[in-house]
Each structure stands twice: as structure tokens, then as C-alpha cells.
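This report concerns only the one structure given below.
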Amino acid sequence: MKTLYTLSILFLVTVSCTQKTNTKDKTVLNEITPDELLQKTINAHGGESFKNSLIEFNIDKTFFSLQYDNGRANFKQIRQVNNDKHLLSYKYGLIEYFINDSLQSEEKYSKRMAEISLFGFLYTFSIPFNLTTNDVILSRQPNVIIRQKEYFTLDVQFTKIPDLPEDHFLLYIDVNTYEIGYTAIQHDLSGSKQQFRRMTEPKRIKDILFQDYILFHANDTITPLEKLYTKYNQSDLKVIRTIQFDSISVQPKS
């Protein structure tokens, strides 16, 4: 009887300690500020290594390179079309398009499509590292459950500029690892439709986390950005394509 009594006391003490620990953990999760959450996410994805490196990779048959020079984007895209080399560059805001090293006039290509295929694509690829600029407005929304797993919700908006589209990102961040698991994206230079992305196949190269992703669209035009994750939970989004990063190279900038 004495042994049973002792075991009962030990069980109650264990349960009490567990409840206190869980309460403390949840308090810590709830008290983290948006800036702290972003910094932890940046650290989890590779920290300063990203902005101090020249990064190159292929997607299908298209080559991309990117680096940031004191925060300014320096991007390139190269495609081989038949026997011609098509090079698109974005350097510090200037877009140039070359075919076999011959600079093309703006009348010969769509600047909008060039911005989407190069700047828009590599800008969202650079998340979360590029979200520290003065125009970024961060806030935390309630944590969500996506496919039975809990995620922080980091809301990313930008200082409004008259007559320009308003971009809006929602980052769903693993509460244990601080790695981004999903994103909801409304980004003018990524196309007109809202996107939901599921990150897959994580791999680290020289400390930087690379994640392939599956891109989804809603089946309607009325689902708000913050509800795309619920549609995903209900398997009510359509798959658009899978982005897979191949032949990745990371080199410290000289």
C-alpha cells in the first residue's frame, strides 16, 4: 500500500512538472516578437552565409545566379534556346537582355515578363534573408495547424506606395526548427495570382538551407491569402508545378 501511495505521488509530481514545462514553452512561443521570429528564421536558414555568397543553381534547363552587394540584388538567368544563348540580368535595378552577347532593345522583349521570370523569382527565393529592409512591416498572426503540425505565422507587408500593387507574404514557420514549411504569397512580380507553396526536400549546402517547393493556386479567385492554408488542409488547391533546385553551388564572394 505504501509503494502504491509513493508511486501515486511521483505520478502527480511528474504530471505537474510536465504541465508547468508545457505552459512555459507555450509562453515563450507566444512572447516571441516578429523581429525575433524573423531573426531566428534567418539563422535557421543559414544566417549571414546567404548574403556573403555567390549562389548558382539550375531549374530544369535554366541557369540562375544571385548575390547581394551591400543589399543590392545582382541576378542572372541563362537559357539555351536552339543554338542561341539568352542571358537576362538584373543588377541594382537595371534589367538587360542579351542574345549571344548582343544587347536587345526593350522593344524586342517584355520587360514585365523579364521582371517576373528573374527578379520576381529570385526575390521570393531569397526569403527570409531579404526581409530586413526598412520598408518591411512585420507582425505575428495566430499560430496555425497545417497537416497536424503547428507553425508560427509571420505576416510580411510593405510600406504602401501610391498607385503600386501591395505585396503580402505569410510565412508559416516550424515552431521547433524555425524553418519555413509553407508560404502564402501575393507578389506582383511573381505573377497576378496568389500562390501557396509547400517546401520539400530540404538540403544544406555550406550552411544555407535550400528547399524545393510545390506551387499551388486556389480553385477560385475569392479565397483570401490568409485562408489558403485551410484550403491546403482540405486538399482544395490545385498543383501548378514543382520547383527543383539542381547543381547548386555556393561560393564566398571575393
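Just a few scattered comments:
- Region 99-132, subset polar (S, T, N, Q) and under 21 Å from the mean Cα position of the chain (by Cα), residue farthest from Asn70 (Cα to Cα): Ser117
- Flag for Phe125 being touching a Phe, Trp or Tyr at 6+ places or on another chain (Cβ under 7 Å), in contact (Cβ under 8 Å) with a residue 40 or more places away in the chain and under 30 Å from Ser53 (Cβ atoms): no
- Residue match in region 81-102 (condition: touching a strand residue (DSSP E or B) at 6+ places or on another chain (Cβ under 7 Å), loosely packed, with under 15 Cβ neighbours inside 10 Å, of a type in the set (Val, Ile, Thr) and over 26 Å from Leu131 (Cα atoms)): yes
- Once region 157-201 is narrowed to residues that are out of contact with any Ser or Thr (no Cβ under 8 Å at 6 or more places or on another chain) and basic (Lys, Arg), the residue that is most open to solvent (accessible area, probe 1.4 Å) is Lys160.
- Segments classed as strands (runs of 3 or more DSSP E), wholly inside region 202-254, with at least 3 members that are surrounded by 16 or more Cβ atoms within 10 Å (Cβ to Cβ) and modelled with pLDDT of 95 or more: 208-218
- Any hit, region 133-156, residues being within 16 Å of the chain's Cα centre (by Cα), open to solvent by less than 80 Å² (accessible area, probe 1.4 Å), farther than 18 Å from Lys40 by Cβ and without any contact (Cβ under 8 Å) to a residue 60 or more places away in the chain: no
The values are calculated or read from the model by the stated rules, or taken from the named source; none is laboratory data. Bear in mind that the values here come from a model prediction, so they are computed numbers and not experimental data. Positions of Cβ are generated from backbone atoms using ideal geometry, with glycine treated the same way; all protein chains shown enter the neighbour counts. When the accessible area is computed, the model is the full protein with side chains, heavy atoms only, and any ligands, DNA or RNA have been set aside. Shrake-Rupley method; radii C 1.70, N 1.55, O 1.52, S 1.80 Å.
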